[in-house]
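The values are calculated or read from the model by the stated rules, or taken from the named source; none is laboratory data. In this text, all values refer to a predicted model and were calculated from it rather than measured experimentally. Reconstructed Cβ throughout: ideal geometry from the backbone, glycine too, with neighbour counts over all protein chains shown. The accessibility values were calculated without ligands, DNA or RNA, using every heavy atom of the protein model including side chains. Shrake-Rupley method; radii C 1.70, N 1.55, O 1.52, S 1.80 Å.
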Amino acid sequence: AHLHAAGSTEDAVQVALRLLALDPLQEPVHRALMRLYVQAGRRGAALRQYQHWVATLQRELRTEPDAETKALYQEILRRRAPVMVEVESRTVPDRAESVPGRTEVTEPPAAGEPPLVGRQQDLERLEEALEGTLAGQGHLVVLIGEAGSGKSRLVAELAARASRYQGRVLIGRCYETERILPFAPWVDALRSGQIVEERELLGSLERGWRVELGRLLPEISRVTGGTASRPGGGEPVGRAAGNPRHLFEAISQLLTRLARRQPLVIVLEDLHWADEMSLRFLAFLGRRLPAVPLLALATVREEDLEDSRLLRQILDELDEGERLLRWPLGPLSRADTAALVRVLAPPGIPDPLLANLAEEAWRASDGNAFVAVEVMHALREGSVVPGAQHLPPPARVRQLVRQRLERLSERGRRLVAAAAVIGRRFDFSLVQRAAELSEREAAGGLEELVRHRVLRGAGEGLEFSHDYIREVARDELPPPLRVLLHRRVAESLEQLSGQDTGAQALALATHYRQGEVWDKATHYFQEAGRHAAAHSAHHEAVACYEEALGALRCLPATRETLGRELALRLDLRPSLYSLGRSAELLHHLREAERLAERLDDRHRLGQVSAYVSNHAWLTGDLPRALESGQRALALAETLGDLRLAVEANFRLGQVHWGLGRYPEAVSFFARCGTKPYGDERWDLPEWLAELGLAEFSLYWPALPLTELGRFDDA
């Protein structure tokens, strides 16, 4: 109390922790520590401290916290925190709170977490890798095991040990529905670690790398005083816009500087669900790790690895180059499962009954730690009778979770339903609005869910204690209610985001699609596609655009919707071109041509004709290329469209060169750099560079000139 009054908050925190180490059942000290964490700006730590106290009470006294402690937790919950946005389960803070002098580390698992049983050898191997990192040599470690095998529990234990060495732990999570969002886990890790708030660190990077990082984390420009982007939107000298390698190098530079300041551990959970660009950057980083004091630790579900060809290829390449430490995480043995049951069983069970319970838990779980733990939770709560002839097998885990949820209050079930629609992790404000509860009601309901370990703290927000709980809660919802909840989530997210919906476009699109609001789903999927394309994530961009087309088909075929379909098909062209998906590109161009004709949109018909000409020329269909190019040029003349005229002339120059008509080719190329249909010269305008033709219009004439023997001109 004296230290707190004197303003020495961190010293007071250490004293409180020592008091709890001596006597962990001092509830007033737990409350004081929660208040101290809030005062220090560590709201997430305050929320986790309550979770720790709940677990201690349940384990030691089988009781609940005092009303005063519950009220304090609810008050902290209601405090404004950064908005978290998900696509099913991903969290993206839209801003980070700045805490001067704070070093973010992952705190040790709460005392109520299941004990680490049967994983001592695996933990020792992880510790060896950590010790190597502390000695200055980087490692890439991949844990592979089935869902529920304990991968995340091992990771949490290693993170806790790294923190004791004053290490820094950054955690990024991958989710199945987020594969179309480029660099998702890396952005998650950097934002959760509040890297963007470190002015000195960012300032130590050369300006070019800050520009590249600004493409990934736009808020860097706020922190560095606007130095993350060049005036007028230009790129660093010598670096072409959109080149992923430059962005890879920029992130690598940032992580290297972090690692040289203090031991660094980067955790990527569920790597099998990572987007393509995240996996490619991991490969890029993995080849450079031996020279960097950094431990990169990833978890992969064994059952999902087979479906990720790129991930398997990257792991094999790193394995061959001895850049990777990977080992499978098998199921628990019969003895280990029995040991886990003994630790989790309620007190007072006779030894013969306990042995029988351990055997049945082994049969039900088949060594899956999560299932065994869930069975024991059900036993402690009275939904499974000790000594029953047969405990539920893994397929019955859903039923166990369902029973657990049925015992909640009405407001608790209401919050679970809304949260299950949002995703595994969520923000208080979003779930409160989606559930249509007051702040006080929502805070009380969430406190109940944390107390019953349906939810747990996750940074500044909350998350389901396991995906199985969320899946059961979501699947139990009647379809009409699920549609309504998705709509509420999307509307709430829009309200919380205000005008800045860019970073949340994918989440908004997904929820509006599930809520059957097709107009907004189309809009936000298109916005997400453009965002992905701008980051060279063309696979993800195509997926977004195709989702937008699917949503658009659910709307009536009006002139407006046909125009939106035309725009989407044109948006697809650059990404399909970059991916070399020629047949799909041609299909979308033909559909765009049909739509432009139907709408009598001659401007876009001319644009499509120019694109078709280019595609046909690339694929060797020169008659079609000539026909489409002539059509584009005729439309340009009719409309007086100078841009279209330049592009049409250029495409026709290529076609005539391919046909061996060299004088005509020279003539068409020359018209790209002169005013059409006249002799007066004019300077190349800026928009010509935007078309990507400025340099080409100088280079291409050299080819037919050479064929004509005009070498000096060439």
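Filter the stretch 566-623 down to the residues that are under 26 Å from TRP657 (Cα atoms) and acidic (Asp, Glu), then identify the one that is surrounded by the most Cβ atoms within 10 Å (Cβ to Cβ).
GLU593
Please give the number of the condition LEU605 fails out of (1) closer than 22 Å to LYS520 by Cβ; (2) not in a loop (DSSP other than H, G, I, E, B).
Unmet condition: (1).
Take the stretch 36-76 and flag every residue that is among the acidic types (Asp, Glu), within 27 Å of PRO347 (Cα to Cα) and modelled with pLDDT of 85 or more. Break it down into steps so the answer makes sense when it comes.
Within the stretch 36-76, the subset among the acidic types (Asp, Glu) is 60, 64, 66, 68, 75.
If we keep only those that are within 27 Å of PRO347 (Cα to Cα) as well, we get 60, 64, 66.
Within the stretch 36-76, ASP66 is the sole residue that qualifies.
Name the residues in the stretch 316-358 that are outside any helix (DSSP H, G or I) and among the small types (Gly, Ala, Ser), would you? I'd like the intermediate steps shown before the answer.
Quick first cut of the stretch 316-358, residues outside any helix (DSSP H, G or I) only: 321-333, 345-350.
Listed by number, the residues that qualify are GLY321, GLY330, SER333, ALA345, GLY348.
Answer yes or no as to whether ARG513 is open to solvent by 40 Å² or more (accessible area, probe 1.4 Å), more than 22 Å from GLN607 (Cβ to Cβ), free of Cβ contacts under 8 Å to residues at least 12 places away in the same chain and out of contact with any Lys or Arg (no Cβ under 6 Å at 6 or more places or on another chain). Give the derivation first.
Details: open to solvent by 40 Å² or more (accessible area, probe 1.4 Å): yes; more than 22 Å from GLN607 (Cβ to Cβ): yes; free of Cβ contacts under 8 Å to residues at least 12 places away in the same chain: no; out of contact with any Lys or Arg (no Cβ under 6 Å at 6 or more places or on another chain): yes.
Here the answer is no, as ARG513 does not meet what is asked.
What are the residues in the stretch 398-411 that are charged (D, E, K, R) and either within 13 Å of TYR468 (Cβ to Cβ) or surrounded by 24 or more Cβ atoms within 10 Å (Cβ to Cβ) (or both), if any?
First pass over the stretch 398-411, keeping only residues charged (D, E, K, R): 398, 402, 404, 406-407, 410-411.
Within the stretch 398-411, ARG398, ARG402, ARG404 meet the criteria.
As an exercise: evaluate ARG581 against (1) closer than 26 Å to ASN243 by Cβ; (2) at pLDDT 95 or above; (3) touching a Ser or Thr at 6+ places or on another chain (Cβ under 9 Å) and give the number of the one condition it does not meet.
For ARG581, the failing item is (2).
Considering LEU271, LEU264, LEU289, LEU294, which residue is open to solvent by less than 10 Å² (accessible area, probe 1.4 Å), in contact with a Lys or Arg (Cβ under 6 Å, 6 or more places away or on another chain) and over 20 Å from SER536 (Cβ atoms)? So that I can check it myself, show each step before the final result.
Values: LEU271 fails: in contact with a Lys or Arg (Cβ under 6 Å, 6 or more places away or on another chain); LEU289 fails: in contact with a Lys or Arg (Cβ under 6 Å, 6 or more places away or on another chain); LEU294 fails: in contact with a Lys or Arg (Cβ under 6 Å, 6 or more places away or on another chain).
Among LEU271, LEU264, LEU289, LEU294, only LEU264 is open to solvent by less than 10 Å² (accessible area, probe 1.4 Å), in contact with a Lys or Arg (Cβ under 6 Å, 6 or more places away or on another chain) and over 20 Å from SER536 (Cβ atoms).
Can SER667 be described as farther than 28 Å from GLY563 by Cβ, in contact with a Cys (Cβ under 6 Å, 6 or more places away or on another chain) and either modelled with pLDDT under 95 or assigned to a helix (DSSP H, G or I) (or both)?
When the stated conditions are applied, SER667 does not pass them.
Return the pair list, or none, for Cβ contacts closer than 6 Å from residues in the stretch 317-332 that are touching a residue at least 60 places away in the same chain (Cβ under 8 Å) and closer than 13 Å to ALA298 by Cβ to residues that are open to solvent by less than 80 Å² (accessible area, probe 1.4 Å) and among the polar types (S, T, N, Q), at least 6 apart or on different chains.
LEU329/SER149
State yes or no: is LEU493 within 19 Å of ALA184 (Cβ to Cβ), assigned to a helix (DSSP H, G or I) and at pLDDT 90 or above?
On the way: within 19 Å of ALA184 (Cβ to Cβ): yes; assigned to a helix (DSSP H, G or I): yes; at pLDDT 90 or above: yes.
Yes.
Identify, by number, the condition in (1) at pLDDT 80 or above; (2) open to solvent by 40 Å² or more (accessible area, probe 1.4 Å); (3) more than 19 Å from the chain's Cα centre (by Cα); (4) more than 25 Å from ILE144 (Cβ to Cβ) that GLY225 doesn't meet.
Of everything listed in (1) at pLDDT 80 or above; (2) open to solvent by 40 Å² or more (accessible area, probe 1.4 Å); (3) more than 19 Å from the chain's Cα centre (by Cα); (4) more than 25 Å from ILE144 (Cβ to Cβ), GLY225 misses just condition (1).
Tally up the residues in the stretch 161-171 that are surrounded by fewer than 24 Cβ atoms within 10 Å (Cβ to Cβ) and modelled with pLDDT of 85 or more, please.
First pass over the stretch 161-171, keeping only residues surrounded by fewer than 24 Cβ atoms within 10 Å (Cβ to Cβ): 161, 163-168, 171.
After this cut, where a residue has to be modelled with pLDDT of 85 or more as well, the list is 161, 168, 171.
Number satisfying all stated conditions: 3.
Just to be sure I understand, how many residues within the stretch 120-142 are open to solvent by 70 Å² or more (accessible area, probe 1.4 Å), part of a helix (DSSP H, G or I) and either closer than 18 Å to LEU318 by Cβ or of a type in the set (Lys, Arg) (or both)?
1
For SER697, only one of the following conditions fails: (1) modelled with pLDDT under 85; (2) of a type outside the set (A, V, I, L, M); (3) exposed (fewer than 15 other Cβ atoms within 10 Å of the Cβ); (4) assigned to a helix (DSSP H, G or I). What is its number?
So the condition that SER697 fails would be (3).
Please count how many residues of the stretch 302-328 are within 22 Å of the chain's Cα centre (by Cα) and open to solvent by 40 Å² or more (accessible area, probe 1.4 Å). Step through it out loud before you land on a result.
Pass one, the stretch 302-328, residues within 22 Å of the chain's Cα centre (by Cα): 302-315.
Retained after the next criterion (residues that are open to solvent by 40 Å² or more (accessible area, probe 1.4 Å)): 302-303, 306-307, 309, 312-313.
Residues in the stretch 302-328 being within 22 Å of the chain's Cα centre (by Cα) and open to solvent by 40 Å² or more (accessible area, probe 1.4 Å): 7 in total.
Let's see how each residue does on (1) small (Gly, Ala, Ser); (2) over 26 Å from SER278 (Cα atoms); (3) not in a helix (DSSP H, G or I):
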residue	(1), (2), (3)
LEU477	no, yes, yes
LEU484	no, yes, no
ASP500	no, no, yes
LEU508	no, no, no
ASP519	no, yes, no
ALA541	yes, no, no
LEU562	no, yes, no
LEU566	no, yes, no
ASP571	no, no, no
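Among GLU219, GLU200, which is surrounded by fewer than 21 Cβ atoms within 10 Å (Cβ to Cβ), over 23 Å from the mean Cα position of the chain (by Cα) and modelled with pLDDT under 85? Break it down stepwise before answering.
Details: GLU219 fails: over 23 Å from the mean Cα position of the chain (by Cα).
Testing whether each residue is surrounded by fewer than 21 Cβ atoms within 10 Å (Cβ to Cβ), over 23 Å from the mean Cα position of the chain (by Cα) and modelled with pLDDT under 85 leaves just GLU200.
Being touching a His at 6+ places or on another chain (Cβ under 9 Å) and farther than 30 Å from ASP601 by Cα is the requirement here; does VAL489 meet it? Spell out the reasoning first.
On the way: touching a His at 6+ places or on another chain (Cβ under 9 Å): yes; farther than 30 Å from ASP601 by Cα: yes.
In short, yes.
Quick check, is VAL454 modelled with pLDDT under 95 and closer than 14 Å to GLN74 by Cα?
Numbers: modelled with pLDDT under 95: yes; closer than 14 Å to GLN74 by Cα: no.
Against the criterion (modelled with pLDDT under 95 and closer than 14 Å to GLN74 by Cα), VAL454 does not qualify.
Just the residues that are in a loop (DSSP other than H, G, I, E, B) and open to solvent by 10 Å² or more (accessible area, probe 1.4 Å), please, taken from the stretch 412-462.
Answer for the stretch 412-462, where residues must be in a loop (DSSP other than H, G, I, E, B) and open to solvent by 10 Å² or more (accessible area, probe 1.4 Å): ARG424, GLU436, LEU437, SER438, HIS452, ARG453, GLY459, GLU460.
Across the stretch 577-602, which residue is farthest from the chain's Cα centre (by Cα) among those that are part of a helix (DSSP H, G or I) and of a type in the set (Asp, Glu)? Walk me through it before giving the result.
Narrowing the stretch 577-602 to residues part of a helix (DSSP H, G or I): 577-579, 582-599, 602.
Add one more test, that the residue is of a type in the set (Asp, Glu), and what stays is 584, 591, 593, 597.
Numbers: GLU584: 27, GLU591: 33, GLU593: 36, GLU597: 40 Å.
Result: GLU597.
Is there a residue in the stretch 474-491 that is without any contact (Cβ under 8 Å) to a residue 60 or more places away in the chain, within 20 Å of the chain's Cα centre (by Cα) and open to solvent by less than 30 Å² (accessible area, probe 1.4 Å)?
yes
Could you check how many residues of the stretch 652-667 are within 47 Å of the chain's Cα centre (by Cα) and open to solvent by 30 Å² or more (accessible area, probe 1.4 Å)? Show your work before the answer.
At the first step, the residues of the stretch 652-667 found to be within 47 Å of the chain's Cα centre (by Cα) are 652-655, 657-658.
From the residues that got through so far, the ones that are open to solvent by 30 Å² or more (accessible area, probe 1.4 Å) too are 657-658.
Here the count works out to 2.
How many residues, within the stretch 274-286, are among the charged types (D, E, K, R) and surrounded by fewer than 21 Cβ atoms within 10 Å (Cβ to Cβ)?
Restricting attention to the stretch 274-286, the residues satisfying the condition of being among the charged types (D, E, K, R) are 275-276, 280.
Add one more test, that the residue is surrounded by fewer than 21 Cβ atoms within 10 Å (Cβ to Cβ), and what stays is 276, 280.
Residues meeting the conditions: 2.
Can you pull out every residue in the stretch 1-55 that is closer than 17 Å to ASP66 by Cα and hydroxyl-bearing (Ser, Thr, Tyr)?
Hit for the stretch 1-55 is TYR50, nothing else.
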